[in-house]
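Structure first, commentary second.
Just so it is clear, none of the values below were taken in a lab; they were calculated from the coordinates. No experiment lies behind these values; they were computed from the predicted model shown. With ideal geometry, Cβ positions are generated from the backbone for all residues, glycine too; neighbour counts draw on all protein chains shown.
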Amino acid sequence: MEVQTTVWETNRPEETFDLGKRLGEAAKPGDIYCLDGDLGVGKTVFTQGFAAGLAITEPVNSPTFTIVQVYEEGRLPLYHFDVYRIGDPEEMDEIGYEDYFFGNGVSLIEWASLIDELLPENAARILIEKDVEQGFDYRRITVRSSYENIRD
Ligand code: ADP
Ligand code: MG
């Protein structure tokens, strides 16, 4: 399995949304997308695009009071995790995370590195970073994946 790293640069939220949308359109059952990056960097914007790419029309926000939010209406089920507030990876066991990760939908996890030990090795890793020297709305988005559906 060949791992490929691709770097995208965006200068507006809409561009990050569009990148998410393209990956959502190409996502396959069982795919897992791990999102990392500081607070306010654009993980949820990316996720909203991703959901649009799966033809989900419901509004998508970060699940604040639950670890996972399930969207069933699109081309594939989307399991949107935000594990920012997780105290202990045991909480993932309690919600039965394996049923999502190894199910037939697509998992997307904001703050994935907080549960690093639970992430399958072949999951796609997406890091979003700012660079103030490039401008306030600039984001560098590094995608590391072995999925054939993530190609530029
Ligand atoms: P996170 O989920 O990573 O905490 P959000 O997606 O909720 O972050 O918020 C990102 C914020 O950054 C939004 O207010 C968005 O409008 C803004 N933003 C500015 N430039 C960009 C960009 N290039 N890509 C994504 N978001 C951007
Ligand atoms: Mg978020």
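Once you have the alpha carbon radius of gyration of the stretch 12-65, what is it after dividing by 2.2 N^0.38 Å, with N set to its residue count?
1.08
List the trypsin sites (Lys or Arg not before Pro) within the stretch 78-152 that fall in a DSSP loop (any state other than H, G, I, E or B) and whose Cβ has at most 14 other Cβ atoms within 10 Å.
R85, R151
In the chain, once you exclude exposed chymotrypsin sites (Phe, Trp or Tyr not before Pro) (DSSP loop, at most 10 other Cβ within 10 angstrom), what's the longest stretch remaining? Could you put the intermediate results ahead of the total?
On the way: sites that count: F65, F136.
The longest uninterrupted stretch comes out as 66-135.
Q48: net charge of surrounding residues, Cβ under 12 Å, Lys/Arg +1, Asp/Glu -1, itself excluded?
-2
Using only Cα atoms and rounding to the nearest 10 degrees, what angle (0 to 90) does helix 43-53 make with the longest principal axis of the chain?
Taking the Cα atoms of the chain, the angle to 43-53 is about 80 degrees.
With r as the distance between the Cβ atoms of N149 and R75 and R0 = 22 Å, compute the FRET efficiency 1/(1 + (r/R0)^6) and round to 0.05.
0.95
Once you place label points 7 Å from the Cα toward the Cβ at T142 and I86, how far apart are they in nm?
My value for the distance between the label points is 2.2 nm.
At what distance in nm do the modelled label points of V132 and M1 sit from each other, each positioned 7 Å from its Cα along Cα→Cβ?
According to this spin-label approximation, the distance is 3.9 nm.
Restricting to the chain, what percent of DSSP beta bridges are antiparallel, rounded to 5? Mind showing how you got there, number by number?
Working: 17 of 30 bridges.
Beta bridges within the chain, antiparallel portion: roughly 55 percent.
Tell me which GluC sites (Glu not before Pro) from the stretch 1-68 have a DSSP coil assignment and no more than 12 other beta carbons within 10 Å of their own.
Qualifying residues, ordered by number: E2.
For the stretch 4-145, with the dipole built from +1 on Lys and Arg beta-carbon atoms and -1 on Asp and Glu ones, taken about the Cα centre, which of I141, G40, I67 lies farthest toward the positive end?
It is I141.
Got the relative contact order for the chain handy, in percent, Cα pairs under 8 Å and 6 or more residues apart?
Computed over the chain, the figure is 35 percent.
Using only the alpha-carbon atoms, how far is helix 13-26 inclined from the longest principal axis of the chain? Give it as 0 to 90 degrees, nearest 10.
The angle comes out at about 50 degrees.
Just to be sure I understand: with springs between alpha-carbon atoms less than 10 Å apart, which residue in V70, V45, V132 has the highest mean-square fluctuation in the Gaussian network model of the chain?
Per the Cα network of the chain with a 10 Å cutoff, V132 tops the list.
Can you give the Rg to Rh ratio for the chain, taking only C-alpha atoms and Rh from Kirkwood?
0.94
What value, in deg cm²/dmol to 500, does the helix sum -39500 (n - 2.57) over DSSP H runs of n ≥ 4 give at 222 nm once divided by the residues of the chain?
On the way: 4 runs with 35 residues, N = 152.
Per the formula, -6500 deg cm²/dmol.
About the Cα centre of the chain, how large is the charge dipole given +1 on each Lys and Arg Cβ and -1 on each Asp and Glu Cβ? Please answer in debye to the nearest 20.
Result for the chain is approximately 560 debye, rounded to the nearest 20.
So what's the net charge close to R140: Lys and Arg +1, Asp and Glu -1, counting the other residues with Cβ under 10 Å from its Cβ?
Values: positive: K130, R139; negative: E9, E129, D131.
Once positives and negatives cancel, what remains is -1.
Just in the stretch 91-139: which GluC sites (Glu not before Pro) are loop by DSSP and have at most 11 other Cβ atoms within 10 Å?
Details: sites: E91, E94, E98, E110, E117, E121, E129, E133; in loops: E121.
Hits after loop and neighbour filter: E121.
Along Cα→Cβ, 7 Å out, is where each label goes; now give me the distance between the ones at R12 and L118 in nm to one decimal.
3.7
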